[in-house]
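The values are calculated or read from the model by the stated rules, or taken from the named source; none is laboratory data. Because the structure is predicted, anything quoted here is derived from the model rather than measured. Cβ: placed from backbone, ideal geometry, glycine included. Neighbour counts: every protein chain shown. Keep in mind that these areas ignore ligands, DNA and RNA; they rest on the heavy atoms of the full protein, side chains included. Shrake-Rupley method; radii C 1.70, N 1.55, O 1.52, S 1.80 Å.
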Amino acid sequence: MGRTTFLLIAVAYYILTIIIVIIVLALISKRDKNKLKKEIDELEKEKNLIISASMLSELNKVEALVNNDEMKVKLDDWYKRFNEIKDVELPKITDEINEIEELYEDKDYKELKNIMLKVDFELNNLKTKAEFLLDEIKDVTLSEERNREVITKLKATYRDIYSTYKDYEEEYSIIKVPLELQFENVDKLFQAFEVTMEKNAYTEVGRIVKAIADIIDNLKVVIDETRPIVNLGKNLIPKKIDDIKNIADKMTKEGYNLEYLNIDYNIDEANKKIQDIFQRLNVLNIEDSLFELKTMHDYFDSLYNDFDKEKVSKRIYEDFSRSILIKATKLEKINNELYKKIDDIKYSYDLNDDEVAVIVEIKDEIMNIRANYDKIVDVSRSKIMAYSRLAKEMEIINAKLIKTEEKLNMALKSLGSLKEDELRAREQLDEIKNILNQAKEKVRSFKLPSVPKNYYVELAEAMAAINELVKALDKRPISIKVLNVRVDTARDLVLKVYNTINETVKTAKMAEVAIVYGNRYRVTNKEVDFNLIKAENNFLKGNFKNSLENAINAINIVEPGIYKRLLEEYK
C-alpha cells in the first residue's frame, strides 16, 4: 500500500468520524428538544385540568341547596375562591407557559428550564387549592348521601342494642331509668336529624350525627358490660366473699394465723369499690368497672391457693417439728457421750485440743439449733405467725441440723478410725510374728549346711522392729502416727527376712538337685567331675548361688540347655 493511499484512507476515516459525531449530537439535541416539548405540553394539560366541570357542577348543586344565611355565606366564599383561581391565578400561569413556548422557539433552553421549575411549583400549589376547594364543596353536596349512610348503620346498631335490652330487661333493671332516658334522647336526635336534613342545614347535621354516634357507642358498651358487671358485683363476688370469710374463720379457729393476708381489710375495700361502681353505673359511667371487678374476683380466687398453701405448710411444719426433735435429741446424746470422753480420747490417742475441737463445735451447734427450735415452737403455740413462715423457719433449722449431723458423722468416723488403726496394728503384729516364724521354720526344716550371715543381721533388725511395735502398742497414750510407722517398719523388715530365707532355700534346693543330676557324668568326664567338686565345696560353705552355677556349668558340658530342664523339674 502506497503512502498516498494510506493518507486517503486516514482522511476518509476522519471525515466519517466527524459525520458520526455530528449525527449523534443532532439526535441527542432532538431528543432533548422533544423531551422539553413534552414537558411544556404536560404543563398545559395540568393547567387545563385545574378548573374541571365537576367543580362548577358541585357549585350549582350547592346553590340549589342554599336556604339559610350560613350556607349563603359559604357559597359566596367558594365562588370568590373559584373566581380567584379561574380569573387571576390561571391567566398568570397561562402567560408564563406562553413565555416558555417562546423561549423554546428561540432555543433559550437555560432560561426556559428556570421558568419551567417555577411554573411547575405554582401549578402544584394551585392544584392543591382547587382540590381543597372541591372537597369543601363536596362535603356539602355529598353530605346527605353520606349522612344517610351513617345514620342507617347507626339505626341498625341501635336496634340491636334496644333488642338486647328488651330480651334481658330484668337484668338491666338496676339502670332502667337512665338507660331509657338515653333511648329517648337517641329517638329525639334521629328526629332532629330528619328535620335538619329537610332544612338543608348541613353544618348542623354533622353535629347531630356525631352526637348520635357518641351516645350509641356509649350505649353499646353499657349494654355489653352491665350484665357481667351486675353478675360479678351482685352475685359472684359477694358469694365468694362469704365463702372466703367462712373458710378464714374456720381456719383461724383451727389455729391458723391469716393476718398477713389482710382479708377483712381487703373485703371492706372491695365492698366500697363495688358500691362506687354501682353508683357510677346509675349514671351509665362504666369506665374500667368490669376490669376492676374481674381483678377483685381474681384476688378472692387467689385466696383459696393461699389457704391451701397454709394447710400444706402446717403439715410440713409438723413433720419438721417431729423429725428435728428426734434427730436433734439423738445427735445431742451421741455428742454428749463423746464430750464426756473427750479427755480420755485425747489421752488415749495423743490428740491436742485443735484435733478434738470439732466435738465442742458440734455441741455448741446442737445447743443453738435446740434454742432456735424451741423459739419457733413457742411462736407456733402463741399463734402469732403463719404456718407458711413457720415451715420456712423449720426448714432452715433442719438444713442446719443436717450439716451438724454430717459433721458429727465425720468426727465419729475420724475417731473410730483411730481405734481401728490400733486394732489393725495388733492384728498385723500377729501376722508379722507368724511370717517371721515361718521363715525360721523354713531354715530348720531344710537343714542348710550353712546359713548366710546376712540372714542373722536381717533377723536381728526385724526382731528389734517388732519390739518397737510392741512398745508402741503398750504405750499410753498411743500415738497413732508413730504406731503406723512402727507397723510399716516391722512388716517391711520381716518380709525382707522371709524373702531372704525363701530365696536362699530355693537356690540351695536347685543346687542340690543339679549336683545329684550331674553325678551320672562324673566317671565319663573329668571336667564335669572337677566342676561338681567345686559345686559341692561351695554348697558346704553356704555359697548356694555359686554352687548352682558350678553344677549347671558342669552338666552343660554334656547336656547343653540343662538349666531350663532342671528349672522345670524343680517346679
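Of LYS375/LYS403; LYS72/LYS92; LYS309/LYS407, which pairs sit farther than 22 Å apart, going by alpha carbon to alpha carbon?
LYS72/LYS92; LYS309/LYS407
Give me the one-decimal nm value for the distance between modelled label points at GLN438 and ARG81, 7 Å along each residue's Cα-to-Cβ direction.
In this crude label model, GLN438 to ARG81 measures out at 12.6 nm.
Work through the residues other than GLN438 whose Cβ is under 12 Å from its Cβ and net out their charges, Lys, Arg +1 and Asp, Glu -1.
Every neighbour counted, the sum reads +2.
Rounded to the nearest 0.05, what FRET efficiency do ASN454 and ARG426 give with R0 = 30 Å and r taken as the Cβ-Cβ distance? Could you check?
On the way: r = 30 Å, r/R0 = 1.00.
My answer for the efficiency is 0.50.
Contour minus end-to-end for PHE446 and VAL360, with contour as 0.36 nm per residue of separation and end-to-end as the Cα-Cα distance?
24.9 nm
For the pairs LYS330/LYS400; LYS234/LYS272; LYS330/LYS363; LYS240/LYS273; LYS239/LYS294; LYS176/LYS239, note any where the Cα-Cα span goes beyond 18 Å.
The pairs that break the limit, which is 18 Å between Cα atoms, are LYS176/LYS239.
Any idea of the accessible area per residue across the stretch 497-566, 1.4 Å probe, to the nearest Å²? Please report the intermediate quantities before stating the final value.
Working: 3870 Å² over 70 residues.
Accessible surface, normalised per residue, equals 55 Å².
If r is the Cβ-Cβ distance from LYS250 to VAL177 and R0 is 35 Å, what FRET efficiency results, to the nearest 0.05?
Calculated transfer efficiency: 0.25.
Quick check on packing: order 146-155, 545-554 by the mean number of other C-beta atoms within 10 Å, highest mean leading. Could the numbers behind the result be given before it?
Working: 146-155: 14.7, 545-554: 22.3.
Going by the mean number of other Cβ atoms within 10 Å, highest first, we get 545-554, 146-155.
Can you compute the modelled spin-label distance between LYS496 and ASP308, with each label point 7 Å from Cα toward Cβ, in nm?
Each label point lies 7 Å from its Cα, and together they span 7.7 nm.
Using a simple charge model, +1 on the beta-carbon of Lys and Arg, -1 on the beta-carbon of Asp and Glu, nothing else, what dipole does the stretch 243-340 show about its Cα centre, in debye to the nearest 20?
Working: 16 positive and 20 negative charges, 160 e Å.
Value, rounded to 20: 760 debye.
If I model a spin label as a point 7 Å beyond the Cα along the Cα-Cβ vector, how far apart are those points for ILE9 and VAL221 in nm?
In this crude label model, ILE9 to VAL221 measures out at 9.5 nm.
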